[in-house]
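**Q** Take this structure, written in structure tokens, and hold onto it; I'll ask about it next.
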Amino acid sequence: MSEPLVLVEHDDHAAILTLNRPAKKNAMNNALLDQLLAAVQTAAADDDVRAIIIKGAGKVYSSGRDFSMFSEDAILQDRSVDASVDVFLDVLTLLIETPKPTIASVRGIALGGGQATTLACDFVVAERDASFGNVEMKYGFPAAMNTVLLTRHVGRRIGLEIAITGQLYTAEQYHRYGLVNRLADPGALDAVTKDFVKTLTDLAPWAVERTKATYRQAEDMDLNGSMHIGNQLNQLLRLNGQLAAVHSGDANVKDALKGTIK
């Protein structure tokens, strides 16, 4: 049997999903995307998993979509176009919508569709010299998903520049733009990723998932509507008496809130 295109392992409460086509720089064909979709779905349904990490085998994260798949004819009427592209949409949507935090751990390159998966994740940890970019533009092919996702993360001037120029950007540049959360020195990516993920998995899972859901709802609403969402969450917390219970196990937080929790 051939080796899986997505390797799955678990470390403490994190599921680590590794894109496994190193000879192809982890270019994402539909078979890999099908396995990635299934792996994220499985991790999301696992009560022991509190965070989902995406990484690449070998020296790179991903060079993007495998465009050798698109050499065959595809037309709208028989839905062969849908079959060739929809799984990518499904993966990006799931990374955004899954209740558990998703983290891209990037070394080497994250280009085109590879970059899009990092933009769909909640967080990005990257080695300082890693490269990102919409390289499809250099070949006259608009990076459509990247363009859409960039509008969710950065302002118009920076986002449009990244989308249109097709230039390469370092992780340090993306960190300044707010597109990378943590930087790692070369060779230290796994350790920095693990440390960052632990800050997430050490928290109460329900609180983390509810915060992600609230954030997603709020960014799609006007301020008045999102404030009501936040107020409803406060009401739910008060109704269930969760505030004291959540903080009771953390001595540092308990000391900081001394006198505020009855």
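The values are calculated or read from the model by the stated rules, or taken from the named source; none is laboratory data. Here the structure is a predicted model, which is why all the values come from computation and not from measurement. For neighbour counting, all protein chains shown are included, and Cβ atoms are generated from backbone atoms with ideal geometry for every residue, glycine included.
**Q** In region 44-97, what count of residues is obtained for those that are farther than 21 Å from Leu149 by Cα and modelled with pLDDT under 85?
**A** Looking only at that region, the number is 15.
This table checks each residue for (1) within 17 Å of the chain's Cα centre (by Cα); (2) surrounded by 12 or more Cβ atoms within 10 Å (Cβ to Cβ); (3) more than 28 Å from Ala163 (Cβ to Cβ).
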| position | (1), (2), (3) |
| --- | --- |
| Tyr177 | yes, yes, no |
| Val180 | yes, yes, no |
| Asp185 | no, no, yes |
| Val197 | yes, yes, yes |
| Leu200 | yes, yes, yes |
| Val208 | yes, yes, yes |
| Glu219 | yes, no, no |
| Asn224 | no, no, yes |
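**Q** Tell me which residues, restricted to region 1-22, are aliphatic (A, V, I, L, M), farther than 13 Å from Ser105 by Cβ and modelled with pLDDT of 95 or more.
**A** Pass one, region 1-22, residues aliphatic (A, V, I, L, M): 1, 5-8, 14-17, 19.
Then drop every residue that is not farther than 13 Å from Ser105 by Cβ, which leaves 1, 5-8.
Of everything in region 1-22, those that are aliphatic (A, V, I, L, M), farther than 13 Å from Ser105 by Cβ and modelled with pLDDT of 95 or more turn out to be Leu5, Val6, Leu7, Val8.
Yes/no matrix, rows are residues, columns are (1) in contact with a strand residue (DSSP E or B) (Cβ under 9 Å, 6 or more places away or on another chain); (2) within 26 Å of Thr193 (Cα to Cα):
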site: Pro101; (1), (2): yes, yes
site: Arg107; (1), (2): yes, yes
site: Gln115; (1), (2): yes, yes
site: Gly133; (1), (2): yes, yes
site: Tyr139; (1), (2): no, no
site: Leu149; (1), (2): no, yes
site: Ile162; (1), (2): yes, yes
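**Q** Please specify each residue of region 52-62 satisfying the condition of being surrounded by fewer than 24 Cβ atoms within 10 Å (Cβ to Cβ) and over 13 Å from the mean Cα position of the chain (by Cα). Talk me through it step by step, then tell me what you get.
**A** First, the residues of region 52-62 that are surrounded by fewer than 24 Cβ atoms within 10 Å (Cβ to Cβ): 55, 57-60.
If the condition is that a residue be surrounded by fewer than 24 Cβ atoms within 10 Å (Cβ to Cβ) and over 13 Å from the mean Cα position of the chain (by Cα), then Ala57, Gly58, Lys59, Val60 are the ones that fit.
**Q** Out of all the residues in region 1-31, which are assigned to a strand (DSSP E or B) and touching a Phe, Trp or Tyr at 6+ places or on another chain (Cβ under 9 Å)? So that I can check it myself, show each step before the final result.
**A** Start the filter on region 1-31 by keeping residues that are assigned to a strand (DSSP E or B), which leaves 6-11, 14-19, 28.
Matches in region 1-31: Leu19, Met28.
**Q** Identify, please: which residue in region 8-46 is touching a helix residue (DSSP H, G or I) at 6+ places or on another chain (Cβ under 8 Å) and of a type in the set (Asp, Glu) and is, among those, nearest to Ser63 (Cα to Cα)?
**A** Out of the qualifying residues, it is Asp34.
**Q** Could you list, ordered by first residue, the pairs with Cβ atoms under 8 Å in which the first is in region 16-40 and under 21 Å from Val197 (Cα atoms) and the second is among the hydroxyl-bearing types (Ser, Thr, Tyr), at least 6 apart or interchain?
**A** Here the result reads Leu19/Tyr61; Leu19/Ser62; Val40/Thr98; Val40/Thr102, each pair linking region 16-40 to a residue that is among the hydroxyl-bearing types (Ser, Thr, Tyr).
**Q** I would also like to ask the following. Kindly establish whether Asp34 is crowded, with 18+ Cβ neighbours inside 10 Å, under 19 Å from Gln115 (Cα atoms) and acidic (Asp, Glu). Talk me through it step by step, then tell me what you get.
**A** Working: crowded, with 18+ Cβ neighbours inside 10 Å: no; under 19 Å from Gln115 (Cα atoms): yes; acidic (Asp, Glu): yes.
Taking the combined requirement at face value, the residue does not satisfy it.
**Q** Which number in (1) of a type in the set (D, E, K, R); (2) within 20 Å of Pro101 (Cβ to Cβ); (3) at pLDDT 90 or above marks the one condition that Asp185 misses?
**A** Unmet condition: (2).
**Q** Taking Glu172, is it at pLDDT below 95 and either surrounded by 13 or more Cβ atoms within 10 Å (Cβ to Cβ) or closer than 22 Å to Ile96 by Cβ (or both)?
**A** On the way: at pLDDT below 95: no; either surrounded by 13 or more Cβ atoms within 10 Å (Cβ to Cβ) or closer than 22 Å to Ile96 by Cβ (or both): yes.
No; evaluated as a whole, the condition is false for this residue.
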